[in-house]
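Rule-based calculations on the coordinates, nothing more; no lab input. Computed from a predicted model, the values in this text were never measured in an experiment. Here the Cβ positions follow ideal geometry from the backbone for every residue, glycine too, while neighbour counts run over all protein chains shown.
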Amino acid sequence: MAAVKRDNFGSRLTFIFAMAGSAIGLGNIWRFPFMVGEYGGAAFIIIYILCSAILALPVFFCESIIGRRTAKSSYFALESIAPDSKWKYLGLISVITCFIIDSYYSVVGGWSLDYLVRSCSVGLDAPSCEAASSVFGGMASSVWEPILFHTLFIGASALIVIGGVKKGIEKFSKVTMPILLVLIVTIAVYSISLPGAMAGVEYLVKPDWSKVNTETIAYALGQAFFSLSLGVGCVLVYSSFMKKDENILAAGGWTAVFDTMFAIIAGFAVMPAVFSAGLEPGAGPALVFETIPYIFSQIGLKAPVVSRIITILFFLAIFMAALTSAVSLFEVCVEHLVEHRKFSRKKAAAIFFSGCWTLGILCSLSFGVMSDVKLFGDTIFDFCDSLSSNYLMTLGALAYTVFVGWRMKKADVRDEFTNSGSLTANNKIFGVLYFAIKWLAPVFIVIIFLTNLFL
Ligand code: TRP
């Protein structure tokens, strides 16, 4: 069953770096803080952690088990375990979903690069929130600027993926991940030290349960899946490059811990600053791009150099995090073509670059000249986002758990999870995990999905 001439991640640590690189992204620094702000602070964080541990982690292990066992990309992995069945189409849907996510994700990635360049050059000075918001609106709704940065962003992810798993992805994430951690911790420390920041800290640690309802739970679960890159084969494909003697439990566990820790630290980097400036935490998706420049330029009135440096570091962090995540989405697509058509990585990357570039341009223009073009009532960007995060990802996650829990042989699942019985701790928890995979995760995902659908 061993694959021919396939790269592997060098060690468990480099696998975790790469996997954390995929997991930690805009979802942590951009999406998580504004969701915490909109859905009730600490209460949302607690529900999010529970969703990650009880529902998302089992899905992670499912993808990891399929990937490592077959050492193939999603389509062929499913086909080799369930030959002559329709399961392989789940792999194909995963590739298409990654393609859609990567397209709109690269638009936001492009914005972060744009803001990084601006903060290094002209600065992001915003005398008022309205001014910051009109800068952001002006940028996002213009035609050429976001397209230029989208192109650069997606080009950078393509180049890293062309480099391969070891020389591209592993090398890049090994360097960026530690830098990213230092950056975000620095910003959090700075943010907490601002006058009046304690109200923000309190908001993040004192739960207000009155704001919690089924919607909160649905969003927390969606966020947990998005943040851990689940349901679309990213974990599956990365795990297919994991060595046979690695520990799936440890690798997945550490990835989830880093990802969650990172999201929470990002919350501490953003919220205290928001409260310190006397702003509302529920600013929504604009939080990072509008509120942060305003806050930092307010501080800049007293300490211009420090504030400029922190702004640069902030957008550098977002850009780097976004890039390592986009790389994983791109890799799923490229690996599929490489295995399916025996294309070179370069050729496969060129094909997906063109596709994501085109769809991304439509997404980008939907903030401006194409804002009237609606698909089922949504702009193209919102449609791509909601189609992938609300439906394709959740159903994909469900399908992977059903595949491992109901289609694969239990003995094979155990064999892969415990490295043929040699890992004692994995053996001990296998019963609980298998229950979570077979019953808990699928049942809850269906309930939450349906609640969300009819909300
Ligand atoms: N997890 C990344 C983030 O938090 C985004 C991402 C990468 C992703 N791969 C994914 C989201 C697959 C969903 C599915 O920003």
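Given the Cα-Cα distance of Asp378 and Lys347 and 0.36 nm per residue of separation, how much length would full extension add, in nm?
Computed gain between Asp378 and Lys347 is 7.8 nm.
Between the alpha-carbon centers of region 85-161 and region 404-430, tell me the distance in whole angstrom. When both Cα centres are located, 40 Å separates them. Ellipsoid semi-axes for the chain, based on the Cα gyration tensor and the rule √(5λ), read 35, 24, 21 Å when sorted largest first.
Work out, step by step, the length gained on full extension between Asp84 and Ile96: first 0.36 nm times the residue separation, then minus their alpha carbon distance; give nm to one decimal. Intermediate results must be reported in sequence, preceding the final value.
Numbers: separation 12, 0.36 × 12 = 4.32 nm, distance 2.11 nm.
Taking 0.36 nm per residue and subtracting the Cα distance, the gain is 2.2 nm.
Kindly flag which residue pairs out of Lys166/Lys244; Lys88/Lys342; Lys243/Lys410; Lys167/Lys410; Lys86/Lys166; Lys88/Lys244 have an alpha-carbon separation exceeding 28 Å in this structure. Walk me through the intermediate numbers first.
Numbers: Lys166/Lys244 16 Å; Lys88/Lys342 18 Å; Lys243/Lys410 22 Å; Lys167/Lys410 36 Å; Lys86/Lys166 32 Å; Lys88/Lys244 23 Å.
Where the Cα-Cα span goes over 28 Å, the pairs concerned are Lys167/Lys410; Lys86/Lys166.
Tell me whether region 1-86 comes out rounded, prolate or oblate; compute the Cα gyration tensor, take square roots of the eigenvalues as a ≥ b ≥ c, and use a/c under 1.5 as the rounded threshold. Note, shape of region 1-86 comes out prolate. Post the alpha-carbon centroid distance, region 173-244 to region 1-76, in whole angstrom. Using only Cα atoms, the two centres lie 12 Å from each other.
Subtracting the Cα-Cα distance of Ser420 and Leu159 from 0.36 nm times their residue separation leaves 90.2 nm of extension gain. Calculated mean residue ellipticity at 222 nm for the chain: -22500 deg cm²/dmol, from DSSP H runs with n ≥ 4 weighted as -39500 (n - 2.57), summed, divided by the residue count and rounded to 500. Test of understanding: given the chain, find the longest segment containing no trypsin sites (Lys or Arg not before Pro) that are in a DSSP loop and have at most 10 other Cβ atoms within 10 Å. Maximal segment without exposed cleavage sites: 87-301. Over region 358-455, what is the relative contact order in whole percent, taking alpha-carbon pairs under 8 Å and six or more residues apart? It rounds to 21 percent for region 358-455.
I'd like the FRET efficiency for Ser134 and Lys174, computed as 1/(1 + (r/R0)^6) with the beta carbon distance as r and R0 of 41 Å, rounded to 0.05.
Values: r = 40 Å, r/R0 = 0.97.
Efficiency, rounded to the nearest 0.05: 0.55.
Contact order, relative form, for the chain: 34 percent (alpha carbon pairs under 8 Å, 6 or more residues apart, mean separation divided by residue count).
What shape does region 340-455 take by its C-alpha gyration tensor, where a ≥ b ≥ c are the square roots of the eigenvalues and a/c under 1.5 counts as rounded, a/b above b/c as prolate, and the rest as oblate? The shape class here is oblate. Hydrophobic, long helices, defined as DSSP H runs whose alpha-carbon span along the helix axis is 30 Å or greater and whose mean Kyte-Doolittle value is at least 0.0, occur in the chain at 88-120, 171-192, 248-276, 304-341. Applying 1/(1 + (r/R0)^6) with R0 = 22 Å to the Cβ-Cβ distance of Ala53 and Asp245 gives a FRET efficiency near 0.25.
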